[in-house]
Amino acid sequence: MGTAQGRNGEETPCNCVLRGIFHACYTRFRECLEKDKHIPQANLERGPGASGRRYFWSWKEEEYVADFHLVSKRALTVAGSGNDYEIFRFHYLLGADWRMCCAV
């Protein structure tokens, strides 16, 4: 079912669901990094506005990479977490071998 009983009897997402979500997000992150960076693709989008004529440019892949980086940093840099973010950064963001990450 994808849920497990958490504390106080409330249902929380199962660890397998959380791993699946992480792997989907990480796959998208890697795809964004592997695209050709010589010509970034800008998108013209319609923004909110009374007349509906407000447009803005965005760089979806670059924004996704930055968001993935910031969310991981916020989630793994908490008091008492040790060096969880450093290990994550070395292995997932920089692509270091797991043996190098064990030295951290």
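Every number here is computed from the coordinates shown, using simple stated rules; none is lab data. Being a predicted model, the structure only gives us computed values, none of them experimental. Please note: Cβ atoms are built from the backbone with ideal geometry, for glycine as well, and neighbour counts cover all protein chains shown.
Normalising the average separation of contacting C-alpha pairs (under 8 angstrom, six or more residues apart) by the number of residues puts the relative contact order of the chain at 14 percent.
Projected label points at CYS16 and GLN41, each 7 Å from Cα along the beta carbon direction, are separated by 3.4 nanometres.
If only the Cβ of Lys and Arg carry +1 and only the Cβ of Asp and Glu carry -1, the dipole of the chain around its Cα centre is close to 220 debye. Taking other Cβ atoms within 10 Å as a rough exposure proxy, VAL65, VAL17, VAL78 sort from fewest to most as VAL78, VAL17, VAL65.
Exposed loop sites are taken as trypsin sites (Lys or Arg not before Pro) in a DSSP loop (any state but H, G, I, E or B) with at most 14 other beta carbon atoms within 10 Å; the longest stretch of the chain without one runs 55-104.
The Rg/Rh ratio of the chain, with both radii computed over alpha carbons and Rh defined as the Kirkwood radius, is 1.09. Put in order of Cβ neighbour count within 10 Å, fewest first, the listed residues TRP59, TRP98 become TRP98, TRP59.
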